[in-house]
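Each remark here refers to the structure printed beneath this line.
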Amino acid sequence: MRDTAVDWEKLAKDNAYWAVLTEDRFRDKLDDAALDAFFASGEENVEGFLRLLSATFPDVAPPFETVIDFGCGAGRLLIPMARLSGAAYGIDIAPTMRELAAENAERRGVGVECVDTPEALVRRGVRADWVNSYIVLQHIEPRRGYFLINDLLQCVKPGGVVTLHIPIFKTSDRADYLNDHVRYFRNDSYYSETVYVDRDTYDHPDIQMFDYDANTILALFHKNEMTDVRIVHDGASTGIHAYFFVGRRGR
């Protein structure tokens with residue numbers, strides 16, 4: 001099983017914002033307008049997650065005591081989540097991303113704490129009202145990802161909620177999308193898709209994409225006392241079919 005921590009640290013050092021959102025406008029050194037657009041996209045996403053939570057659990061609404069964002073990157077989602085809570089934790093495997101998230105949060109007047117793994121918070125007994133992860137687990141090999149999901153679910157306090165964005169399968173239109181956006185991809189025996197999301201250079205690590213088994217995910221939710229679960233397609237049309245697993249721990 002490949003450890004991708006080194007890959008993500010290199011991506012963070014080379015092109016941190018582009019590694020989070022692979023759009024040309026977020027490549028290399030960002031000007032103020034590009035940075036504003038980057039963080040505005042996070043605000044919009046968090047508003048969407050809150051609408052999803054409200055539709056599933058009408059009594060759930062900010063402010064929260066504690067929130068956790070897994071795969072926090074440069075703080076795109078963590079910062080708006082922190083504004084809704086008393087304590088906010090970001091989790092990212094790349095030290096450069098953790099440093100950048102903390103710096104960006106401080107510049108924007110919010111306090112956050114960043115750690116490297118969910119296990120670090122489990123060991124400290126941190127329990128959150130809301131645990132979130134978006135477009136992150138898709139880059140983690142499922143054999144490792146299932147353990148991470150389990151740890152994240154352990155961080156949800158009784159009555160707390162979770163929104164986890166997880167890819168489940170791909171359809172043939174994925175090939176059309178790849179043809180348009182990348183130069184090379186492959187599928188391996190673990191149903192992963194290794195993608196170089198760059199037409200011109202190969203000096204950065206490859207960005208891997210994986211599918212997860214929905215039955216295994218639901219079993220982990222059940223194990224962690226979350227039997228009230230809603231599964232919602234993310235609406236993307238790239239051929240990657242990812243779903244939000246929205247759950248609540250029993251009180």
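A simple count of charges around ILE231, restricted to other residues whose Cβ falls under 14 Å of its Cβ and scoring Lys, Arg +1 and Asp, Glu -1, yields -1.
Near the amide H of GLY71, within less than 5 Å, lie the amide hydrogens of ILE91, ASP92, all on another chain or at least 5 residues away, with H placed in the peptide plane. Surface analysis of region 49-103 yields an accessible area of 36 Å² per residue, using protein heavy atoms and a 1.4 Å probe.
Find out how many positive minus negative residues lie around PHE38, taking Lys and Arg as positive, Asp and Glu as negative, among other residues whose Cβ is under 10 Å from that of PHE38. Surrounding charge for PHE38 is 0. Residues TYR212, TYR134, sorted by accessible area with the largest first, give TYR134, TYR212 [1.4 Å probe; ligands and nucleic acids excluded]. Largest first, the residues LYS223, LYS29, LYS10, LYS157 sort by 1.4 Å accessible area into LYS29, LYS223, LYS10, LYS157. Sequentially through region 36-50, phi angles give Karplus couplings (6.51, -1.76, 1.60; θ = phi - 60°) of 4, 5, 4, 6, 5, 5, x, 4, 5, 4, 5, 4, x, 5, 5 Hz, Gly and Pro residues having no value and appearing as x.
Give me the net charge of PHE49's neighbourhood, meaning all other residues with Cβ under 12 Å from the Cβ of PHE49; Lys, Arg count +1, Asp, Glu -1. Neighbour charge sum, excluding PHE49 itself: -4. Dipole orientation for region 1-45: of the candidates LEU11, PHE39, PHE26, LEU11 has the Cα lying most toward the positive pole (charges on Cβ; Lys, Arg +1; Asp, Glu -1). Once you sort the root eigenvalues of the Cα gyration tensor of region 1-81 as a ≥ b ≥ c, which label holds: rounded (a/c under 1.5), prolate (a/b larger than b/c) or oblate (the other case)? Because a/c hits 1.5 or more and a/b fails to exceed b/c, region 1-81 counts as oblate.
Each residue was assigned an accessible area with a 1.4 Å probe, and for SER54 the value is about 50 Å². Residues whose amide H lies under 5 Å from that of ILE135, counting only those 5 or more places away or on a different chain, are HIS165; hydrogens are built 1.01 Å from N in the peptide plane. Considered as an equivalent ellipsoid built on the Cα gyration tensor, region 1-136 has semi-axes of 23, 19, 14 Å, the largest given first. Rounded to whole numbers, the Karplus 3J(HN,Hα) couplings from phi for region 228-237 are 9, 10, 10, 10, 10, 5, 7, x, 5, 10 Hz, using 6.51 cos²θ - 1.76 cosθ + 1.60 with θ = phi - 60°, and x at Gly and Pro. At a Förster radius of 30 Å, what calculated FRET efficiency corresponds to the Cβ-Cβ distance of ARG27 and ARG143, to the nearest 0.05? My answer for the efficiency is 0.45. Across the options GLY239, MET226, ASN215, the greatest Cα extent toward the positive end of the charge dipole of region 206-251 (unit charges at beta carbon of Lys, Arg, Asp, Glu) belongs to MET226. Overall shape of region 1-47 was characterised from the C-alpha gyration tensor. The equivalent ellipsoid obtained from it has semi-axes of 23, 14, 7 Å, in decreasing order.
The values are calculated or read from the model by the stated rules, or taken from the named source; none is laboratory data. These figures come from a predicted structure and were not determined experimentally. Using ideal geometry, Cβ is built from the backbone for each residue, glycine included, and neighbour counts are taken over all protein chains shown. Heavy atoms of the whole protein, side chains included, go into the accessibility calculation; ligands, DNA and RNA do not. Shrake-Rupley method; radii C 1.70, N 1.55, O 1.52, S 1.80 Å.
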